[in-house]
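K.L.:
Okay, here's the structure, questions in a sec.
None of the figures in this text is laboratory data; all of them are computed from the coordinates on show. Just so we're clear, the structure is a prediction, and the values are computed from it rather than from any experiment. In this analysis, Cβ positions are derived from the backbone assuming ideal geometry, glycine residues included, and neighbour counts consider all displayed protein chains.
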Amino acid sequence: MPLNFEELAGGSGEWLKGSGPESDIVISSRIRLARNLAEFPFIARATAADRAEIEKILHARIAASNDSKKFPGELMYVDVSQLPEIDRAFLVERQLISRELSESEGARAVAIDGREQYSVMINEEDHLRIQVMHSGLDLDSAWEQIDTLDDLIEEQVTYAYNEKLGYLTACPTNVGTGIRVSVMLHLPALVITRQIDKVFRSLQKINLAVRGLYGEGSQAMGDFYQVSNQITLGLSEQELIKKVADVVPVLIDYERQAREFLVRESQETLHDRVSRAYGILRNAQTISSEETLHLLSSVRMGVNLGLIGDVAIPTVNKLFVHTQPAHLQKLAGMELDSSDRNIERATYLRRHLGGDSDKAEHN
Amino acid sequence: MKCQKCDKQATFHITDLVDGEPNELHLCEDCAQAFLAPPSSSDADEMMPAMAGLLAQQLAVGETAEELARLDKQVCPVCGISFREFRKQGRLGCPYDYTCFSEELEPLLLNIHDETRHVGKVPKGFGANAEQQTQLIRLRREMKEAVAREDYEQASKLRDEIREIEESRQLPPTEQPPTDL
Ligand SMILES: [Zn+2]
Ligand SMILES: [Zn+2]
């Protein structure tokens with residue numbers, strides 16, 4: 001089944017649904033596994049012929065997994081090497097492929113399901129990168145799903161593996177389990193109260209990595225932070241998942257406390273900040289991606305605190321992604337330069353936040 | 001002093017805390033900026049290789065010049081990558097590198113993971129022949145080289161060896177018959 005980009009552009013993936021446990025603060029939970037075929041060099045040393053052969057073998061394994069009764073979804077296969085740049089940028093914004101896969105060369109592909117839970121990248125940094133993403137805090141079902149698909153793909157191939165070091169990966173930072181467990185959180189109150197650095201440092205001490213999410217260029221994106229395991233060797237998949245899962249409720253609690261503090265100590269300032277952000281987004285005639293992300297972050301917190309009543313969280317979540325450059329252009333159906341994009345973005349925001357006379361559409 | 005990430009002059013001397021331990025970094029302006037505010041890294045996955053590269057470069061710090069020169073010249077017999085190339089790019093060439101560079105990689109693995117032994121999932125088909133399969137990389141490379149120098153006798157010998165391993169690729173039977181494939 002081919003992937004319909006126009007249909008994909010209009011909708012939004014599972015992880016943007018804004019449902020699932022703790023979804024006011026936890027945006028998404030994600031697990032990825034890095035795997036390589038034993039009989040080929042890693043990507044850095046692979047010839048074009050090797051890459052083509054790897055792609056062929058794994059393509060066949062994905063097709064076979066689709067046919068298996070054990071696999072519930074249906075993966076659509078996309079030959080990334082044949083995609084125009086705008087479509088690749090679109091998939092990056094949607095978090096369905098990495099920048100590395102988008103920008104590299106040679107045979108490479110991704111398989112995605114209609115709900116955008118699965119993304120299986122071929123010939124990225126490793127031969128195979130399997131990823132499962134869920135809305136809210138839900139690592140356990142993500143693990144179950146990814147474990148099953150990993151087994152299915154492996155049925156007819158030999159993964160690079162040795163008893164001592166586990167799954168062998170192109171980069172020693174991934175060796176062992178090859179797992180990266182990430183939870184994306186929205187932490188605006190910790191940013192406003194300037195506690196975010198303290199939180200970062202305490203997480204680093206327990207071997208967890210925290211990173212801001214970046215949008216276009218190097219601008220930090222709307223107070224979103226991703227917490228993930230730093231190590232992959234010497235602990236089991238379940239232990240690594242637990243390490244991340246255990247810290248998330250603590251972060252949620254800190255963020256809630258910071259929000260309560262803001263409501264209690266500076267209700268007017270907070271309400272003003274949220275209302276101004278909402279006002280600008282509903283009325284601007286031209287707006288940059290950076291400003292949009294910044295303001296949407298305040299609006300998102302405002303909705304969760306009941307300060308804004310007439311927008312739903314899934315709408316706000318969707319706007320974060322749909323106002324990014326490639327999405328805007330796909331939705332407009334044409335290529336736009338930076339200044340035209342800013343106008344288009346403002347129009348899109350007014351339309352979806354009810355700033356224009358035509359009624360806001362919530363999804 | 002030269003920048004640890006490129007060959008420019010290091011003008012930034014950063015003390016980074018890794019697990020509460022101070023860790024000295026000497027970087028040029030560009031690399032320091034990238035380190036402090038990583039550009040367009042939309043997620044953790046994309047940051048990790050950069051970190052490994054940094055760590056791989058730090059390997060150099062503890063070694064004497066001669067020792068490092070000796071290490072750098074080591075070459076993987078399977079894929080042909082030198083240890084120096086790995087140190088430069090932070091990515092390995094093939095699965096066998098973990099075996100042939102095991103001594104050199106051990107301090108790096110300890111630095112990254114605090115551990116050197118896997119305890120997680122085991123592939124179902126494993127035991128099969130992962131390490132033998134990896135030798136295919138060497139055999140195919142050697143065959144290509146034999147063909148290039150018109151040593152057809154050697155090339156056909158290698159081709160037979162390759163076939164043999166490829167035919168033994170069949171994984172041990174799993175419990176369920178693959179009726180759903
Ligand atoms: Zn530099
Ligand atoms: Zn090698």
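K.L.:
What shape does segment A:153-294 have by the C-alpha gyration tensor, where a ≥ b ≥ c are the square roots of the eigenvalues, rounded means a/c under 1.5, and otherwise prolate means a/b greater than b/c and oblate the rest? Let's see the in-between values first.
P.N.:
Numbers: a/c = 3.41, a/b = 1.96, b/c = 1.74.
It is prolate, given that a/c is not under 1.5 and a/b is the larger ratio.
K.L.:
Let me ask something additional. Determine, for A:321, B:122, A:26, the number of other Cβ atoms within 10 Å of each Cβ, and report the residues in order from fewest to most. Spell out each step's value before the answer.
P.N.:
Values: A:321 19, B:122 13, A:26 24.
Fewest to most other Cβ atoms nearby, the residues stand as B:122, A:321, A:26.
K.L.:
Averaged over peptide B:132-141, how many Cβ atoms belonging to another chain are found within 10 Å of each residue's Cβ?
P.N.:
Average per residue, whole number: 5.
K.L.:
Need the C-alpha centroid separation for segment A:85-123 versus segment A:156-200, integer Å.
P.N.:
19
K.L.:
Whole Å is fine, so just give me how far the alpha carbon centre of segment A:1-51 lies from that of segment A:249-270.
P.N.:
Segment A:1-51 and segment A:249-270 have Cα centres spaced 33 Å from each other.
K.L.:
For every other residue with a beta carbon closer than 9 angstrom to the beta carbon of residue A:237, add +1 if it is Lys or Arg and -1 if Asp or Glu, then tell me the sum.
P.N.:
Around residue A:237, the surrounding residues sum to -1.
K.L.:
Mark the label point 7 Å from the Cα of residue A:53 along Cα→Cβ and return the residues of segment B:129-149 whose backbone N is within less than 13 Å of it.
P.N.:
B:133-145
K.L.:
Explain nothing, just the number: dipole magnitude of chain A about its Cα centre with +1 on each Lys and Arg Cβ and -1 on each Asp and Glu Cβ, in debye rounded to the nearest 20.
P.N.:
Details: 39 positive and 54 negative charges, 183 e Å.
Charge dipole of chain A: 880 debye, to the nearest 20.
K.L.:
Excluding residue A:21 itself, what net charge comes from residues whose Cβ is under 13 Å from its Cβ, given Lys and Arg +1 and Asp and Glu -1?
P.N.:
Residues near residue A:21 contribute -3 overall.
K.L.:
Restricting to DSSP loop positions (anything but H, G, I, E, B) with no more than 16 other Cβ atoms inside 10 Å of their own Cβ, which GluC sites (Glu not before Pro) remain in segment A:275-363?
P.N.:
A:335, A:361
K.L.:
Highest first, please rank the peptides A:27-34, A:301-308 by the mean number of other Cβ atoms sitting within 10 Å of their residues.
P.N.:
Working: A:27-34: 26.9, A:301-308: 19.4.
Highest to lowest by the protection proxy: A:27-34, A:301-308.
K.L.:
Looking at the square roots a ≥ b ≥ c of the eigenvalues of the Cα gyration tensor of chain A, which shape do they give, rounded for a/c under 1.5, prolate if a/b is larger than b/c, or oblate?
P.N.:
Values: a/c = 2.16, a/b = 1.42, b/c = 1.52.
Verdict is oblate for chain A.
K.L.:
Please work out the Cα center distance from segment A:282-315 to segment B:79-114, rounded to the nearest Å.
P.N.:
47
K.L.:
With a Förster radius of 41 Å, plug the Cβ-Cβ distance of residue B:8 and residue A:310 into 1/(1 + (r/R0)^6) and report the FRET value to the nearest 0.05.
P.N.:
0.15
K.L.:
On a 0 to 90° scale, report how tilted helix A:196-205 is relative to the longest principal axis of chain A, with both axes built from alpha carbons and the result rounded to the nearest 10.
P.N.:
On a 0 to 90 degree scale, this one is about 20.
K.L.:
When Cβ neighbours within 10 Å are restricted to other protein chains, what is their mean count per residue of peptide B:109-115?
P.N.:
Partner Cβ neighbours, averaged per residue: 6.
K.L.:
Also, quick follow-up: Distance in nm between label sites at residue A:103 and residue A:331, each 7 Å beyond Cα in the beta-carbon direction?
P.N.:
2.6
K.L.:
When you look at the Cβ of every residue in A:150-158, what mean number of other chain Cβ atoms sits within 10 Å? Intermediate results must be reported in sequence, preceding the final value.
P.N.:
Values: counts 3, 5, 2, 0, 5, 7, 6, 5, 13.
For this peptide, the per-residue mean of nearby foreign Cβ atoms is 5.
K.L.:
Separate question: Using the Karplus equation 6.51 cos²θ - 1.76 cosθ + 1.60 (θ = phi - 60°), what ³J(HN,Hα) coupling, rounded to whole Hz, does each residue of segment B:77-82 give in order, writing x for Gly and Pro?
P.N.:
Here the 3J(HN,Hα) series is x, 8, 9, x, 6, 8 Hz.
K.L.:
Compute the FRET efficiency between residue B:144 and residue A:67 as 1/(1 + (r/R0)^6), taking r as their Cβ-Cβ distance and R0 = 41 Å, and round to the nearest 0.05.
P.N.:
Details: r = 35 Å, r/R0 = 0.86.
It comes to 0.70.
K.L.:
Fewest first, what order do A:143, A:15 take by the number of other Cβ atoms within 10 Å?
P.N.:
A:143, A:15
K.L.:
Between residue B:69 and residue A:256, what is the label-to-label distance in nm when each label sits 7 Å out along the Cα-to-Cβ direction?
P.N.:
Result: 6.3 nm between the two label points.
K.L.:
A further question on this structure: When chain A is treated as a GNM, springs tying every alpha-carbon pair under 10 Å, which of A:38, A:111, A:258 comes out with the largest mean-square fluctuation?
P.N.:
Highest fluctuation among the options: A:38.
K.L.:
Right, something else. Quickly work out the residue A:343-to-residue B:151 label distance, labels modelled 7 Å from Cα along the C-beta direction, and quote it in nm with one decimal.
P.N.:
Here the modelled spin labels are 6.9 nm apart.
K.L.:
So who's got an amide H within less than 5 Å of the one on residue A:28, skipping anything under 5 residues away but keeping other chains? H placed 1.01 Å off N, in plane.
P.N.:
The list, which skips near neighbours in sequence, is A:136, A:184.
K.L.:
Multiplying the sequence separation of residue A:272 and residue A:74 by 0.36 nm and subtracting their Cα-Cα distance, what value in nm do you get? Can you show the working numbers first?
P.N.:
On the way: separation 198, 0.36 × 198 = 71.28 nm, distance 4.65 nm.
Full-extension gain reported as 66.6 nm.
K.L.:
When chain A is modelled as a GNM with alpha-carbon springs shorter than 10 Å, which of A:110, A:274, A:250 fluctuates the most?
P.N.:
Among A:110, A:274, A:250, the largest GNM mean-square fluctuation belongs to A:250.
K.L.:
For segment B:126-169, with only Lys/Arg (+1) and Asp/Glu (-1) charged at the beta-carbon, what is the dipole magnitude about the Cα centre, in debye rounded to 20?
P.N.:
Working: 9 positive and 11 negative charges, 37 e Å.
Computed charge dipole of segment B:126-169: roughly 180 debye.
K.L.:
Along segment A:16-27, what does the Karplus equation 6.51 cos²θ - 1.76 cosθ + 1.60 (θ = phi - 60°) give for ³J(HN,Hα), rounded to whole Hz, x for Gly and Pro?
P.N.:
9, 4, x, 10, x, x, 6, 6, 5, 10, 8, 6
K.L.:
For chain A, what's the relative contact order in percent, using C-alpha pairs closer than 8 Å and at least 6 residues apart? The partial results should precede the final answer.
P.N.:
Numbers: 632 pairs, mean separation 67.8, N = 363.
Reported as a whole number, the value is 19 percent.
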